[in-house]
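Asker: Submitted below is the structure of interest, expressed as structure tokens.
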Amino acid sequence: TEKRYFSLAKINCVIMSRKMLNKGEVHNSDEQVTQEYDYDLFVIGAGSGGVRASRTSAGYGAKVAICELPFHPISSETIGGVGGTCVIRGCVPKKILVYGASFAGEFEDAQNYGWELKEKPNYNWKKLLENKTQEIVRLNGIYKRLLSNAGVNMYEGEGKVVGPHEVELTQIDGAKLNFSAKHILVATGGRAQRPNIPGKELGITSDEALSLDELPKRVVVLGGGYIAVEFASIWRGMGSTVDLFFRKELPLRGFDDEMRELVALNLEGRGINLHPAENLTELIKTEDGIKVITDHGKEFIADVVLFATGRIPNTKRVNLEAVGVELDRTGAVKVDEFSGTNIPSIWAVGDVTNRINLTPVALMEGSCFSKTVFGEEPSKPDYKDVPCAVFCIPPLSTVGLTEQQAVEQAKGDTLVFTSTFKPMRNTISGRQEKSMMKLIVDADTNKVIGASMCGPDAAEIMQGVAVALKCGATKAQFDSTVGIHPSAAEEFVTMRSVSRRIPPGGKPKTNL
């Protein structure tokens, strides 16, 4: 017999001739089912996915509990906070720092617009850090109230799965509580990882980068993804010397190659030193700072070395394998189309599943989970045409297929429309920085299957374009839409000439 714990009020579920849900398939059962649990749902992890799933599940009438580690801006195995990575040490504080760093360029550009800056503006890092911390503390409180208002019971401590229907919670003082739940949802997100090189303990991750006591004057960044180019832009905008090292010829592997090239040019134009196809091999502490040695035999001295070398699913301490939940080689929870694991009562959403690791995707997965399990509406997350943005300066945003992906998948010709131009504001400011927009069109159907933009306000513009792609818009419909003038966004509806037509099996444009 299965051992169960009933430390709180029990749920008496006596259901006659009910609809039973199993991984999205509804079937009838005439057998009387009697079962007692503390909760209908226990969620481990109060980040974006976990909070959304718990609130929407409670909205369907489920009795829900959620647990999360104590709050701290810098995470570890024992501290975290309600709101998770995005709110506390990810998207939100990063975007605040991006805003702060962007003013440096604004001050430069303002001079040719008639603004006479008598002295170079002083920058107060501690002031921004203080305001950033106040904001994430405020958001942490808001998330707690959202859970409370939804009727979700919140527990502070570390949760782990100890059975198909059992969760063990270790509280701050070390005391342990056990709860039974009809369903368990794992939403523990991901964690930053460090490369295995000598002196790796001298480097930092994005967690620490958002909470440094002092603004570093000399920075080395290792990595070519979102986090690497965003923090390179942040620190350079604030006046630091920045050297960016990445393994490939261009940063942002997986994005459209033309866009990657423009991002690289813009990063260099803003004063960031790029080191393509170069890696770090060792860090050494010296009196003058951290000595950085590369695989090209070069040496640099830095105040801070940021490892932006990817994130891994946070499953190490959740005890999943011990109860039979299957993980992949990266430690991610294996799930089906409905976010169910191989154990019928255990589910997982968000970065811990390593599908598309974006906050809005975790929110979508959390909502679909609730509909599936408690709403009698089996729902699969839709991963087609998910828009995203990289908040380097200026930003890159995209939705749908890259040119490379479109050509690989095409059965007919692929049409590529591009527009590269100097933004209107730069004609007066004198900044030598280009914007680029791109549409990918299936020649047979005339449907727009991909869109990209690198330039100011790219993310704001791309959100509307994403709606059009989701609705299956054709290039003819883009062309028939009246543009907003003067704006950069109007370029998306005025690109009439095909830049290139690529036949099936042809080669997309690339400078790699």
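The values are calculated or read from the model by the stated rules, or taken from the named source; none is laboratory data. As the structure is a prediction and not an experimental result, all values here were calculated from the model. Glycine also receives a Cβ, built like all others from the backbone with ideal geometry; neighbour counts cover every protein chain displayed. The protein model used for the area step is the full one, side chains on, heavy atoms only, and it has no ligands, DNA or RNA in it. Shrake-Rupley method; radii C 1.70, N 1.55, O 1.52, S 1.80 Å.
Asker: From the list Leu274, Leu306, Leu280, pick out the single residue that is free of Cβ contacts under 8 Å to residues at least 60 places away in the same chain, surrounded by 13 or more Cβ atoms within 10 Å (Cβ to Cβ) and closer than 23 Å to Ala209 by Cβ.
Answerer: Leu274
Asker: What tally of residues in segment 474-510 results from selecting those that are within 13 Å of Thr418 (Cα to Cα) and open to solvent by 60 Å² or more (accessible area, probe 1.4 Å)?
Answerer: So the answer is 6.
Asker: Which condition number in (1) in a loop (DSSP other than H, G, I, E, B); (2) touching a Phe, Trp or Tyr at 6+ places or on another chain (Cβ under 8 Å); (3) not aromatic (Phe, Trp, Tyr) is the one that Ala101 fails?
Answerer: Only one criterion in (1) in a loop (DSSP other than H, G, I, E, B); (2) touching a Phe, Trp or Tyr at 6+ places or on another chain (Cβ under 8 Å); (3) not aromatic (Phe, Trp, Tyr) is unmet by Ala101, namely (1).
Asker: Name every residue in segment 177-195 that is outside any loop (DSSP other than H, G, I, E, B), of a type in the set (A, V, I, L, M) and in contact with a helix residue (DSSP H, G or I) (Cβ under 7 Å, 6 or more places away or on another chain), in order of residue number.
Answerer: Hits for segment 177-195 are Leu185, Val186, Ala192.
Asker: Here's something else I'd like to know. Which one is farthest from Leu252 (Cα to Cα) among residues in segment 381-417 that are open to solvent by 40 Å² or more (accessible area, probe 1.4 Å) and outside any loop (DSSP other than H, G, I, E, B)?
Answerer: Gln409
Asker: Kindly provide the set of residues from segment 84-133 that are of a type in the set (Gly, Ala, Ser), under 14 Å from Gly189 (Cα atoms) and touching a Gly at 6+ places or on another chain (Cβ under 7 Å), ordered by number.
Answerer: Scanning segment 84-133 gives a single hit, Gly84.
Asker: Can you report the number of residues in segment 87-122 which are out of contact with any Pro (no Cβ under 7 Å at 6 or more places or on another chain) and open to solvent by less than 100 Å² (accessible area, probe 1.4 Å)? Steps first, please.
Answerer: Filtering segment 87-122 for residues out of contact with any Pro (no Cβ under 7 Å at 6 or more places or on another chain) gives 87, 90-106, 108-122.
Subset that is open to solvent by less than 100 Å² (accessible area, probe 1.4 Å): 87, 90-98, 100-102, 104-106, 109-110, 112, 114, 117, 121.
The number of residues fulfilling the criteria is 22.
Asker: What residue, among those in segment 359-371 that are in contact with a Pro (Cβ under 6 Å, 6 or more places away or on another chain) and surrounded by 24 or more Cβ atoms within 10 Å (Cβ to Cβ), is nearest to Ala466 (Cα to Cα)? Reasoning before the result, please.
Answerer: Residues of segment 359-371 in contact with a Pro (Cβ under 6 Å, 6 or more places away or on another chain): 364-365, 368.
Now drop any that are not surrounded by 24 or more Cβ atoms within 10 Å (Cβ to Cβ), which leaves 365, 368.
Details: Glu365: 19, Cys368: 20 Å.
Ranking the candidates gives Glu365 first.
Asker: Something else now. Residues of segment 196-208 being assigned to a loop (DSSP other than H, G, I, E, B) and loosely packed, with under 15 Cβ neighbours inside 10 Å, which ones?
Answerer: Within segment 196-208, Asn196, Pro198 qualify.
Asker: Criterion first (without any contact (Cβ under 8 Å) to a residue 40 or more places away in the chain and assigned to a helix (DSSP H, G or I)) does Gln477 satisfy it?
Answerer: It is true that Gln477 is without any contact (Cβ under 8 Å) to a residue 40 or more places away in the chain and assigned to a helix (DSSP H, G or I).
Asker: If you scan segment 62-86, which residues turn out to be open to solvent by 30 Å² or more (accessible area, probe 1.4 Å), closer than 17 Å to Ile172 by Cα and in contact with a Phe, Trp or Tyr (Cβ under 8 Å, 6 or more places away or on another chain)?
Answerer: Passing the criteria: only Ile79.
Asker: Only one of these is of a type in the set (A, V, I, L, M), surrounded by fewer than 24 Cβ atoms within 10 Å (Cβ to Cβ) and at pLDDT 95 or above: Ala53, Ala46, Ala58. Name it.
Answerer: Ala58
Asker: Check Val325, Val318, Val352 and return the single one that is buried (at least 24 other Cβ atoms within 10 Å of the Cβ) and part of a loop (DSSP other than H, G, I, E, B). Spell out how you get there, then give the answer.
Answerer: Working: Val325 fails: buried (at least 24 other Cβ atoms within 10 Å of the Cβ); Val352 fails: part of a loop (DSSP other than H, G, I, E, B).
One residue alone meets the criteria, Val318.
Asker: Could you look through segment 284-316, keep only residues that are under 30 Å from the mean Cα position of the chain (by Cα) and of a type in the set (Gly, Ala, Ser), and pick out the one that is nearest to Thr205 (Cα to Cα)?
Answerer: Looking at the filtered set, the residue picked out is Ala308.
Asker: Can you tell me which residues in segment 143-169 are open to solvent by 50 Å² or more (accessible area, probe 1.4 Å) and either at pLDDT below 95 or in a helix (DSSP H, G or I) (or both)?
Answerer: Residues satisfying the conditions are Tyr143, Lys144, Arg145, Leu146, Ser148, Asn149.
Asker: Ok, one more. Taking the stated definitions as given, is Leu212 of a type in the set (A, V, I, L, M, F, W, C), assigned to a loop (DSSP other than H, G, I, E, B) and either in contact with a Leu (Cβ under 8 Å, 6 or more places away or on another chain) or modelled with pLDDT under 95 (or both)?
Answerer: The answer is yes for Leu212.
Asker: Another one. One residue is enough: does segment 445-459 have a residue meeting the conditions surrounded by 14 or more Cβ atoms within 10 Å (Cβ to Cβ) and in a helix (DSSP H, G or I)?
Answerer: For segment 445-459, residues surrounded by 14 or more Cβ atoms within 10 Å (Cβ to Cβ) and in a helix (DSSP H, G or I): present.
Asker: So Ile184 clears everything in (1) in contact (Cβ under 8 Å) with a residue 12 or more places away in the chain; (2) open to solvent by less than 30 Å² (accessible area, probe 1.4 Å); (3) closer than 30 Å to Leu306 by Cα except one condition, right? Which one?
Answerer: For Ile184, the failing item is (3).
Asker: Could I ask something else about it? Restricting attention to segment 347-378, and to residues there that are among the aliphatic types (A, V, I, L, M) and in contact (Cβ under 8 Å) with a residue 40 or more places away in the chain, which single residue is nearest to Gly310 (Cα to Cα)?
Answerer: First, the residues of segment 347-378 that are among the aliphatic types (A, V, I, L, M): 348-349, 352, 356, 358, 361-364, 373.
Remaining after also requiring in contact (Cβ under 8 Å) with a residue 40 or more places away in the chain: 348-349, 352, 362-363, 373.
Working: Ala348: 21, Val349: 19, Val352: 13, Ala362: 18, Leu363: 21, Val373: 32 Å.
My answer is Val352.
Asker: Would you please list the contacts, defined by Cβ atoms under 8 Å and residues six or more apart or on different chains, that run from a residue in segment 111-130 that is farther than 15 Å from Ala101 by Cβ and assigned to a loop (DSSP other than H, G, I, E, B) to a residue that is polar (S, T, N, Q) and open to solvent by 100 Å² or more (accessible area, probe 1.4 Å)?
Answerer: Listed pairs, sorted by first residue: Leu117/Gln111.
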